[in-house]
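Heads up, the thing below is written out as structure tokens.
The values are calculated or read from the model by the stated rules, or taken from the named source; none is laboratory data. Small disclaimer: the values here were computed from a predicted structure and weren't measured. Please note: Cβ atoms are built from the backbone with ideal geometry, for glycine as well, and neighbour counts cover all protein chains shown.
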Number of protein chains: 2
Amino acid sequence: MVNIKDVAKQANVSIATVSRALNNNKSVLPETKQKILKIAKELNYTPNLIARNLITQKTNVIAFILPEVGGDYFSEIIRGVDEVAFNSNYQLLVASSHSQRNTMETTLKFLEKSRVDGIILMLPSLSDQMKDILANHTTPIVAINGEGEFPAINTVGIDNFQGTYSMISFLINSLGYSKLGLIKGPSYNYDATKRRKGFLKALKDNNISHNEDWEIEGGFSVTGGELACSRILSLNEKPEVIFACNDMMAAGCYKAIQSFNLNIPDDIGVVGFDHVFLSEFITPKLTTVHVPTVDIGREAAKLLFKQINSEEETSVEHTKISTGFIIGGSTKSQKK
Amino acid sequence: MVNIKDVAKQANVSIATVSRALNNNKSVLPETKQKILKIAKELNYTPNLIARNLITQKTNVIAFILPEVGGDYFSEIIRGVDEVAFNSNYQLLVASSHSQRNTMETTLKFLEKSRVDGIILMLPSLSDQMKDILANHTTPIVAINGEGEFPAINTVGIDNFQGTYSMISFLINSLGYSKLGLIKGPSYNYDATKRRKGFLKALKDNNISHNEDWEIEGGFSVTGGELACSRILSLNEKPEVIFACNDMMAAGCYKAIQSFNLNIPDDIGVVGFDHVFLSEFITPKLTTVHVPTVDIGREAAKLLFKQINSEEETSVEHTKISTGFIIGGSTKSQKK
DNA sequence: GCATATCAAGAAAACGTTTACAAGAGATTT
DNA sequence: AAATCTCTTGTAAACGTTTTCTTGATATGC
């Protein structure tokens, strides 16, 4: 494999000069530079990045660490991260812990020490040991969806509370619903708990009492949502609309409602959260809270690079991404 | 940052011994090893991977290069790759060319030279320059979906031809269809052209003539499929069933058919290819060719590691992944 | 015309490891 | 008892760059 020495020998200069020529250092004569570049090209030389990384203490790689690879959410976020990284001339290392908690910790520690210039961490929750590691971290880190729990590190997240609050208020005030059910997500999941809080607050602020029987956990999955919805539909008194804390569970509701031979939205309304691709294709189209998923990745990456590129210590930042509304056919139409 | 020297000093041994202890070299006294490991832990020492990579000429990183990050297909394939890489103790670098052709080439060249031990390449087609690079490659490479076009490099792909052929034969022989339309994909796309060939061969082998008017390009997208389907529906003589070369275009067909106020499958049948997540949720459920997407990633990674781990030159391999059938409600029910 | 500033290029150190080779001690063979 | 082998550890080279510090030459100022 051809290295800098070969180029230097061929060009009759020292390796230092070759290095300078390749890095556009001003203190190399234009003609020398041309000669070196020409020879480098002829020999098909490209610098060894590992060696460069070792000496410069920089890798131009950022890591994206998450529990599980796959799915819509992942693929959209990584798209945003990739876009920004690409424009900043960075490469992206994807590290999944395969849902093993302590693997996530080791991975993080592992990467912190070397190899990557920054880390984007996507975690549903934080273990104590993880907090410990984050507290003593040296590599720039941005966490997605960790807001509130750990003020010491940068975070980017969607406004779960406000998004839910607005949607529920809309259901009550503009669509006239007054009996609302809730299919919530796992309690250890930040997004899930924030959405539940938004739901409850909106009810309270609109003087609507919350029926405990209408609140069931659906595990953020299609089947979980289906099960939860079935239980609600089996009750004597049913809600007029069900707010599922994510679209997957809302899709589960569709299945349950179909198997009960009921109609959406005439018999019961369904509302989701996330605005996943699927939500546009199920019939009727789902009313849901739009989440600009790609933006989450973009913002996280931007924040990370801001940290990486500033020499002095930057203050911790928390970016909140606002949500939007998608009005589909799964809720009754607007009151006049 | 604590390095191997610090550990050596603290333990009163040479850095060589520390290195050996950490790498489980047998020729280090158990008590010495214990002492070293203890001190390493106390000092919170982890070896610098870059330095290790430089000397060992190995990075334990593989790259996954593709035109565009995002979407279902990507996310499933990367899941398979990640799974195998994880089990082999490898990290995964994702490099998108953002659809810029020559960026893909540079990226490839770039990575070839250093940094990664192997490359998985996902490409819809091969430019001449790309072929040139691949011919002179030194790093182990596996291409996804490049089969046939470039025998010199390892490939993993699904059996597009057989998958389509079987499905079309089934439509004709078991369901009794005899008038079949085709919405094909882009002509530069391997998968698309192979699927078209399977379609045509099945028709021929079953003595069914192919109506050129019923063959339209849909660009592999939802809107493309919708447009193509609309054109077919506007014809005087329509087919009984439309085979869309992927599920996205099939979903587009649903939209077009709805807007023509026709019923699936009574007025016209729709069949897709890919079995994407979505296909299970549209109504009626789509009849489609199942593609084990995760397996593609898995097999590609396995093949790559086989290459990486064998010292002698291995022969080129082409792995073909077989497809399956999903019978939904978008086609008429089986003849008795 | 001499001291000084400027400039291009080279020598060598540095980054943090792994590993080939050497060395010394103790055990084993002849 | 000398020779050989084995076992543990140390010394130093190597990986391929970047960069600091020199060096020598030429230009500039007086």
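Somewhere in the stretch A:92-103, is a residue part of a helix (DSSP H, G or I), at the interface with chain B (Cβ under 8 Å from one of its Cβ atoms) and within 30 Å of A:Leu304 (Cα to Cα)? Scanning the stretch A:92-103 turns up no residue that is part of a helix (DSSP H, G or I), at the interface with chain B (Cβ under 8 Å from one of its Cβ atoms) and within 30 Å of A:Leu304 (Cα to Cα).
Listed residues A:Leu43, A:Leu66, A:Leu22, A:Leu37; which is under 15 Å from the mean Cα position of the chain (by Cα) and more than 9 Å from chain B (Cβ to nearest Cβ)? Steps first, answer last, please.
Values: A:Leu43 fails: under 15 Å from the mean Cα position of the chain (by Cα); A:Leu22 fails: under 15 Å from the mean Cα position of the chain (by Cα); A:Leu37 fails: under 15 Å from the mean Cα position of the chain (by Cα).
Checking each option against the conditions leaves just A:Leu66.
Selection within the stretch B:36-46: residues that are touching a residue at least 24 places away in the same chain (Cβ under 8 Å) and of a type in the set (Val, Ile, Thr). The member of this set that is nearest to DNA strand C (Cβ to nearest atom) is B:Ile36.
Farther than 23 Å from A:Gly328 by Cβ and either among the aliphatic types (A, V, I, L, M) or free of Cβ contacts under 8 Å to residues at least 24 places away in the same chain (or both): does that describe A:Asn189? Spell out how you get there, then give the answer.
On the way: farther than 23 Å from A:Gly328 by Cβ: yes; either among the aliphatic types (A, V, I, L, M) or free of Cβ contacts under 8 Å to residues at least 24 places away in the same chain (or both): no.
Considered against the rule, which asks whether it is farther than 23 Å from A:Gly328 by Cβ and either among the aliphatic types (A, V, I, L, M) or free of Cβ contacts under 8 Å to residues at least 24 places away in the same chain (or both), A:Asn189 comes out as no.
Can you tell me which residue within the stretch A:257-266, out of those that are closer than 27 Å to B:Val222 by Cβ and surrounded by fewer than 17 Cβ atoms within 10 Å (Cβ to Cβ), is nearest to the other protein chains (Cβ to nearest Cβ)? Outline the logic, then answer.
So the first thing to find is which residues in the stretch A:257-266 are closer than 27 Å to B:Val222 by Cβ, and the list is A:257-258, A:263-265.
Those still in the list that are surrounded by fewer than 17 Cβ atoms within 10 Å (Cβ to Cβ) too: A:258, A:263.
Working: A:Gln258: 9, A:Asn263: 13 Å.
Looking at residues that are closer than 27 Å to B:Val222 by Cβ and surrounded by fewer than 17 Cβ atoms within 10 Å (Cβ to Cβ), I get A:Gln258.
Candidates B:Arg79, B:Arg52, B:Arg115: the one that is more than 30 Å from B:Ala192 (Cβ to Cβ) and part of a helix (DSSP H, G or I) is B:Arg52.
Has the stretch B:57-74 got at least one residue that is of a type in the set (A, V, I, L, M, F, W, C), touching a strand residue (DSSP E or B) at 6+ places or on another chain (Cβ under 8 Å), more than 8 Å from DNA strand C (Cβ to nearest atom) and in a loop (DSSP other than H, G, I, E, B)? Reasoning before the result, please.
In the first step, residues of the stretch B:57-74 are kept if they are of a type in the set (A, V, I, L, M, F, W, C); the result is B:61-66, B:69, B:74.
In the following step, the residues that additionally are touching a strand residue (DSSP E or B) at 6+ places or on another chain (Cβ under 8 Å) were identified as B:61-66, B:69, B:74.
Filter again for more than 8 Å from DNA strand C (Cβ to nearest atom), leaving B:61-66, B:69, B:74.
Filter once more, keeping what is in a loop (DSSP other than H, G, I, E, B): B:69.
Yes; the residues of the stretch B:57-74 include at least one that is of a type in the set (A, V, I, L, M, F, W, C), touching a strand residue (DSSP E or B) at 6+ places or on another chain (Cβ under 8 Å), more than 8 Å from DNA strand C (Cβ to nearest atom) and in a loop (DSSP other than H, G, I, E, B).
Filter the stretch B:145-155 for residues that are more than 21 Å from B:Thr288 (Cβ to Cβ) and modelled with pLDDT of 70 or more and give the result. Before you say what the answer is, go through the steps one by one.
Taking the stretch B:145-155 and keeping what is more than 21 Å from B:Thr288 (Cβ to Cβ), we get B:146-155.
Across the stretch B:145-155, the qualifying residues are B:Phe150, B:Pro151, B:Ala152, B:Ile153, B:Asn154, B:Thr155.
Being more than 9 Å from B:Ile183 (Cβ to Cβ) and buried (at least 22 other Cβ atoms within 10 Å of the Cβ) is the filter here, so list the residues in the stretch B:247-256 that pass it. So that I can check it myself, show each step before the final result.
If we filter the stretch B:247-256 for residues that are more than 9 Å from B:Ile183 (Cβ to Cβ), which is where we start, we get B:247-248, B:251, B:254-256.
Hits for the stretch B:247-256 are B:Asp247, B:Met248, B:Ala251, B:Tyr254, B:Ala256.
Within the stretch B:289-314, take every residue that is more than 14 Å from chain A (Cβ to nearest Cβ) and of a type in the set (Ser, Thr, Tyr) and give me the one that is surrounded by the fewest Cβ atoms within 10 Å (Cβ to Cβ). Step by step, filter the stretch B:289-314, then rank; the result is B:Ser310.
Residues in the stretch A:36-53 that are within 9 Å of DNA strand D (Cβ to nearest atom) and surrounded by fewer than 20 Cβ atoms within 10 Å (Cβ to Cβ): 5 in all.
Please work out which residue is surrounded by the fewest Cβ atoms within 10 Å (Cβ to Cβ), limiting yourself to the stretch B:54-63 and to residues that are without any contact (Cβ under 8 Å) to a residue 24 or more places away in the chain and either at the interface with chain A (Cβ under 9 Å from one of its Cβ atoms) or within 28 Å of the chain's Cα centre (by Cα) (or both). Here the residue is B:Gln57.
Can you give me the number of residues within the stretch A:73-91 that are more than 7 Å from chain B (Cβ to nearest Cβ) and among the charged types (D, E, K, R)?
Count: 1.
Among the residues of the stretch A:198-243, those that are touching a helix residue (DSSP H, G or I) at 6+ places or on another chain (Cβ under 7 Å), part of a loop (DSSP other than H, G, I, E, B) and surrounded by fewer than 16 Cβ atoms within 10 Å (Cβ to Cβ) comprise A:Asn206, A:Ile208, A:His210, A:Leu235.
Which one is nearest to DNA strand D (Cβ to nearest atom) among residues in the stretch B:1-19 that are under 45 Å from the mean Cα position of the chain (by Cα) and within 14 Å of chain A (Cβ to nearest Cβ)?
Out of the qualifying residues, it is B:Ile4.
From the list B:Lys302, B:Lys306, which residue is assigned by TED's automatic domain parsing to the domain that holds B:Val84, more than 15 Å from the chain's Cα centre (by Cα) and part of a helix (DSSP H, G or I)? Step through it out loud before you land on a result.
Numbers: B:Lys302 fails: more than 15 Å from the chain's Cα centre (by Cα).
None of the others qualify; the one that does is B:Lys306.
Please indicate, with yes or no, whether at least one residue in the stretch B:256-278 is over 27 Å from A:Met249 (Cα atoms), touching a helix residue (DSSP H, G or I) at 6+ places or on another chain (Cβ under 6 Å), assigned by TED's automatic domain parsing to the domain that holds B:Glu212 and polar (S, T, N, Q). No, the stretch B:256-278 contains no residue that is over 27 Å from A:Met249 (Cα atoms), touching a helix residue (DSSP H, G or I) at 6+ places or on another chain (Cβ under 6 Å), assigned by TED's automatic domain parsing to the domain that holds B:Glu212 and polar (S, T, N, Q). Scanning the stretch A:1-35 for residues that are of a type in the set (A, V, I, L, M), crowded, with 17+ Cβ neighbours inside 10 Å and more than 9 Å from DNA strand C (Cβ to nearest atom) turns up A:Ile4, A:Val7, A:Leu22.
Just to be sure, is A:Thr331 assigned by TED's automatic domain parsing to the domain that holds A:Glu83 and either closer than 22 Å to A:Asp213 by Cβ or in contact with a helix residue (DSSP H, G or I) (Cβ under 6 Å, 6 or more places away or on another chain) (or both)? I'd like the intermediate steps shown before the answer.
Numbers: assigned by TED's automatic domain parsing to the domain that holds A:Glu83: no; either closer than 22 Å to A:Asp213 by Cβ or in contact with a helix residue (DSSP H, G or I) (Cβ under 6 Å, 6 or more places away or on another chain) (or both): yes.
For A:Thr331, the condition - assigned by TED's automatic domain parsing to the domain that holds A:Glu83 and either closer than 22 Å to A:Asp213 by Cβ or in contact with a helix residue (DSSP H, G or I) (Cβ under 6 Å, 6 or more places away or on another chain) (or both) - is not met.
So A:Ile282 ticks every box in (1) part of a helix (DSSP H, G or I); (2) surrounded by 22 or more Cβ atoms within 10 Å (Cβ to Cβ) but one. Which box is left unticked? Checking A:Ile282 against (1) part of a helix (DSSP H, G or I); (2) surrounded by 22 or more Cβ atoms within 10 Å (Cβ to Cβ), the one that fails is (1).
Taken together, the residues in the stretch B:267-288 that are over 14 Å from B:Pro239 (Cβ atoms), of a type in the set (D, E, K, R) and away from every other protein chain (no Cβ under 12 Å) amount to 1.
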